[in-house]
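Participant: Here it is, the structure, as C-alpha cells.
The values are calculated or read from the model by the stated rules, or taken from the named source; none is laboratory data. Being a predicted model, the structure only gives us computed values, none of them experimental. Methodologically, a virtual Cβ is constructed for each residue, glycine included, from the backbone with ideal geometry; neighbour enumeration extends over all protein chains shown.
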Amino acid sequence: MKRREFIINSALALGGTALLSGCGKKEIKKSENQVVKRKFDNLEIPLISLGCMRLPMRDGKIDMVELDKMVAYAMEHGANYFDTAYMYVEGKSENAIGEVLKQYKRDSFFLTDKNPAYLVNSPSDVYKIFKEQLKKCQVEYFDNYMVHNINKNTIGNYRNNDMYGELLKLKKDGLIKHLGFSFHGDPAMLREVIKEHKWDFCQLQMNYLDWEVVNADELYQIADDAGVPVIVMEPLRGGVLCNLPDKAAQKLKQECPDETQASFGLKWVASKPRVFTILSGMSNLQQLKENVDTFVNYKPFGEKEEKVGHEIAQIIQSQGAISCTACKYCMEVCPRGINIPGIFGLYNMYKGSTAPNAGFMFVYNYNALEESTRADKCIKCGLCNKNCPQNLDIPKLLDEVKKAHAEAEKAMS
C-alpha cells in the first residue's frame, strides 16, 4: 500500500476526515486528452464537472482514497470544476472536497458552494454560514457561489433576508467571484428571480426527460432570453437515465449505437449553447473516467439526437415512472426515515422492465430494504412534499408502490 493511501485509510479508521498531507502542492500531470472547455465570463470552464452530492462511500463514510484518485484524474484531464453544498453527504461533502483540493494550487481549480436558503432566518445567517463554508473547504474564496434551492418554500427566506444583497457584499470583498442561484421552482418564479437582480449565472435541472415533463425547456428558455449562463444539474436525473427501461434502452441502441446511456444524456444537455458546465454526481473513479471520456472528443448533438431524446422520454412516461431524482431532500425531513428515493428507484425499474422476472426482482429487492424504511411506515405527515424539488405527492406515490408490491408478491405465491 502506498504511503498516501496508508495515511488516508488510517484516518478513516479513526472515524475522522482523511488528512492528506505532504510538502508543497501536488503537481498536475496533464494528460494529452483534455475535456472540452466553454467560455464563462473571461474563463475557460470544463464542460463536465464533478458534483459532490453523491461522493464515493465506504462503510458509511466518504471514501477519501477513491475521492483523492477521482480528483487527481479530473485535474489531469482538465475537469477542474467542483461543486459542493452545505448539506451534501449529511454535511460532510465540503470537508471532504476541501481536504482533497488543498493539495493543489488554488488557481488550478474552480470551487462552487451554496448558501442554504432554508436555513437562513436573518441576514446575519448568510455571512455566518458562508464563513463556516470557507473554513470547511479550506479556501479563501469561492469561484462561483449560489443562493441554494430557490423554490416556493424558500423564496421567502431568500427575499426577506436579502440574501442577494448580503452575498453581493461578499462578492465586492473578493470572497465570491461570481454570484448565482440554483432553482427548483416554476417558470413564473424563475422570471421574477432573474429580473430581480443582476446574476452571473443560474443552475437549473435539465435533462431530456425533464424537458418533456417538468418544464425544463421553458426554464432554459427564460435563462437564455435573459442572457444568463446556465449550469446543468441532474443531467442524468439521479441515475434514472443511466438505467433506462428495456424498450427505451433498445431505442437508444438502435438509433445511437456509439453512445452509452450516460454519454447520450450528458451530450444531450451539452448541446444547449447557454450551458457552460454540467454537474455529474459521480460515485467512483470508473464513472468519472467514462464521463471525462465523453467530453474529451465531444461533438454537439443535432436534430436526430434531439428527436431520440424526445422518443425515449415518451417511452419512460408511458411506463409510469416516478419523476424522482434521488436528491434525498425528502429524507432530510422525514420523521420515520423512510427510504423514499430507494423505494421509487425500485418501482421505476420494475415498471420500466419487460423482463419475465421483473416482479420477482422488485419484491426481492423491496423486501431487502430495512423494514422500518419501507413505504408502509409512512405516516402521511406531508413534510416530504414541502421539501421535494419535483413537487411530487410523495405519500400518495408511496401508497402506489405499496400496492404494486403487494400485487407482485401475491402473483408470486
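Participant: Of the residues K289, K299, which single one is basic (K, R) and without any contact (Cβ under 8 Å) to a residue 60 or more places away in the chain?
Facilitator: Among K289, K299, only K299 is basic (K, R) and without any contact (Cβ under 8 Å) to a residue 60 or more places away in the chain.
Yes or no, residue by residue, for (1) outside any strand (DSSP E or B); (2) out of contact with any Gly (no Cβ under 9 Å at 6 or more places or on another chain); (3) at pLDDT 90 or above:
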site: L19; (1), (2), (3): yes, yes, no
site: K30; (1), (2), (3): yes, no, yes
site: R38; (1), (2), (3): no, yes, yes
site: L50; (1), (2), (3): no, no, yes
site: R54; (1), (2), (3): yes, no, yes
site: V65; (1), (2), (3): yes, yes, yes
site: D68; (1), (2), (3): yes, yes, yes
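Participant: Specify the residue that is modelled with the lowest pLDDT; the eligible residues are those in the range 327-375 that are more than 28 Å from Q205 (Cα to Cα) and of a type in the set (V, I, T).
Facilitator: It comes out as T354.
Participant: Mind listing whichever residues of the range 182-241 are within 30 Å of K172 (Cβ to Cβ) and of a type in the set (K, R)?
Facilitator: Once the filter is applied, which keeps residues that are within 30 Å of K172 (Cβ to Cβ) and of a type in the set (K, R), the range 182-241 yields R191, K195, K198.
Participant: Can you give me the ranges of the helices (runs of 4 or more DSSP H) entirely in the range 305-413 with at least 1 residues that are closer than 30 Å to I150 by Cβ and not acidic (D, E)?
Facilitator: 329-333, 340-352, 383-387, 394-412
Participant: I'm checking my understanding of the structure. Among residues of the range 304-314 that are surrounded by 20 or more Cβ atoms within 10 Å (Cβ to Cβ) and among the aliphatic types (A, V, I, L, M), which one is modelled with the highest pLDDT?
Facilitator: Here the residue is V308.
Participant: For D224, state whether it is without any contact (Cβ under 8 Å) to a residue 12 or more places away in the chain and in the same structural domain as G180 (by TED's automatic domain parsing).
Facilitator: Considered against the rule, which asks whether it is without any contact (Cβ under 8 Å) to a residue 12 or more places away in the chain and in the same structural domain as G180 (by TED's automatic domain parsing), D224 comes out as no.
Participant: Which of the residues spanning the range 358-376 are touching a residue at least 40 places away in the same chain (Cβ under 8 Å) and surrounded by 16 or more Cβ atoms within 10 Å (Cβ to Cβ)?
Facilitator: Matches in the range 358-376: G359, F362, V363.
Participant: Now for a different question. Please work out which residue is farthest from G185 (Cα to Cα), limiting yourself to the range 96-120 and to residues that are among the polar types (S, T, N, Q) and not in a strand (DSSP E or B).
Facilitator: Q103
Participant: Give all pairs with beta carbons closer than 6 Å in which a residue from the range 76-95 that is closer than 11 Å to L55 by Cα and part of a loop (DSSP other than H, G, I, E, B) meets a residue that is of a type in the set (D, E) and at pLDDT 95 or above; count only pairs at least 6 apart in sequence or on separate chains.
Facilitator: Pairs found: T84/E94; T84/D113.
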